[in-house]
Structures are given as structure tokens and as C-alpha cells.
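Enquirer: Below is a structure I'd like to ask you about.
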Amino acid sequence: SSPMAKAAGTELLILHGSQTGTAEALSESLAATASERGVSVRCLSMDEYEVAELPTEPLVVFFASTTGEGEVPDPMRHFWRFLLRKDLPAASLAAMSYATFGLGDSSYPKFNYAAKRLHRRLAMLGATPLGSCGLGDEQDGRGIEEAYAHWEERLWPAL
């Protein structure tokens, strides 16, 4: 049975780190779909969220865009620095299941670096991934939307 079935009524938290607004738009779209499906949902920018609360969250979806040479976007900086702290216990996110979708541009060498690193770091801290990291590519002729649609299709059964 899925985590969502085991924890009926679990609130879904959606966090986005957006530079140009695309990650924010996708996160709001997912939040709207979740609401339509009767899921209680919060959708916030990473810089609006109190990152110290993360270990208490059972279900989180992250949207992270990569900027420049593989950097995290501005709204994600504080959040990311917190996750990299050496004093965080290895199992500090053991109660969390999560999914990650990245927005990037494959013409850069560090394609979707922010999302890939976030996905890996959350697992290192004990969180359970609900599938592989979604990788949206600005260079894709069909745009990021197509990669997102495929990723979202796989996400719902996992939830």
C-alpha cells in the first residue's frame, strides 16, 4: 500500500526553489491537482518555509531549478545550506517520503544539478524517495511541461 493510503489525511507539502517562476508555476499546478483530489496541501517557496520543521513533514514534493553553473536558485540558498549542515543526524528525515522535480537546461554541463543534489541529500538524511528525480529540460522541443507530465503521472500512484 502507498504511503498516502497508510496515512490517509496526511498533508502534502510542496516546496519550490524558483529563479524565473517556472518551478513556482509547476508547484502551484500540482497543488491545485492535489486539492481537486481531496488532498490537504501547502505550497510554499523554500525561503518562506521554516526548514527546521522539515523532519516533522511526512510527505514533501520539491521543485528545484538550477541556475548558472549548477547553482541553487536564490530562494533555495538558506534551505540548501541547512540541509548540508554536518551536524544533521543521518536519520533526521527518516519520517519523510519525498519526490523531486528539477528544472534545468541541458546545454549547461551541470544539468539539473540543484535537483539531483537535493534528491541525493534527502536520501542521505534518511528520507524515502517516491521514485526517481524528474528532470525537466529547457532544451526539449516540447518544453519542460512534457517531462513534468510524465513525472506527475508516476507520482500519483506513488503517493
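The values are calculated or read from the model by the stated rules, or taken from the named source; none is laboratory data. Predicted, not measured: the structure shown is a model, and the values here were computed from it. Please note: Cβ atoms are built from the backbone with ideal geometry, for glycine as well, and neighbour counts cover all protein chains shown. Side chains are part of the model used for accessible areas, which takes the heavy atoms of the whole protein and leaves out ligands, DNA and RNA. Shrake-Rupley method; radii C 1.70, N 1.55, O 1.52, S 1.80 Å.
Let's see how each residue does on (1) open to solvent by 60 Å² or more (accessible area, probe 1.4 Å); (2) assigned to a helix (DSSP H, G or I); (3) closer than 24 Å to residue 20 by Cα:
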{"site": "135", "(1), (2), (3)": "yes, no, yes"}
{"site": "141", "(1), (2), (3)": "yes, no, yes"}
{"site": "150", "(1), (2), (3)": "yes, yes, yes"}
{"site": "154", "(1), (2), (3)": "yes, yes, no"}
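Enquirer: Run residue 127 past the list (1) under 28 Å from residue 37 (Cβ atoms); (2) of a type in the set (A, V, I, L, M, F, W, C); (3) open to solvent by 30 Å² or more (accessible area, probe 1.4 Å) and report the number of the one that doesn't hold.
Expert: Unmet for residue 127, out of (1) under 28 Å from residue 37 (Cβ atoms); (2) of a type in the set (A, V, I, L, M, F, W, C); (3) open to solvent by 30 Å² or more (accessible area, probe 1.4 Å): (3).
Enquirer: In the list 81, 77, 85, which residue meets the criterion of being within 25 Å of residue 29 (Cβ to Cβ) and open to solvent by 60 Å² or more (accessible area, probe 1.4 Å)? Steps first, answer last, please.
Expert: Details: 81 fails: within 25 Å of residue 29 (Cβ to Cβ); 85 fails: within 25 Å of residue 29 (Cβ to Cβ).
None of the other options fit; the residue is 77.
Enquirer: Just for strands (runs of 3 or more DSSP E) wholly inside the stretch 1-99: which have at least 2 residues that are of a type in the set (Phe, Trp, Tyr)?
Expert: 59-65
Enquirer: Let me ask something additional. Scan the stretch 81-101 and tell me whether some residue there is aromatic (Phe, Trp, Tyr) and closer than 22 Å to residue 147 by Cα.
Expert: Yes, because at least one residue in the stretch 81-101 is aromatic (Phe, Trp, Tyr) and closer than 22 Å to residue 147 by Cα.
Enquirer: With surrounded by fewer than 21 Cβ atoms within 10 Å (Cβ to Cβ) and touching a residue at least 24 places away in the same chain (Cβ under 8 Å) as the only criterion, which of 111, 101 stands out?
Expert: Only one candidate passes the filter, namely 111.
Enquirer: Among the listed residues 27, 45, which satisfies the condition of being touching a residue at least 24 places away in the same chain (Cβ under 8 Å), more than 23 Å from residue 156 (Cβ to Cβ) and in contact with a Ser or Thr (Cβ under 9 Å, 6 or more places away or on another chain)?
Expert: 45
Enquirer: For residue 146, only one of the following conditions fails: (1) surrounded by fewer than 17 Cβ atoms within 10 Å (Cβ to Cβ); (2) in contact with a helix residue (DSSP H, G or I) (Cβ under 9 Å, 6 or more places away or on another chain); (3) of a type in the set (D, E, K, R). What is its number?
Expert: Single failed check for residue 146: (2).
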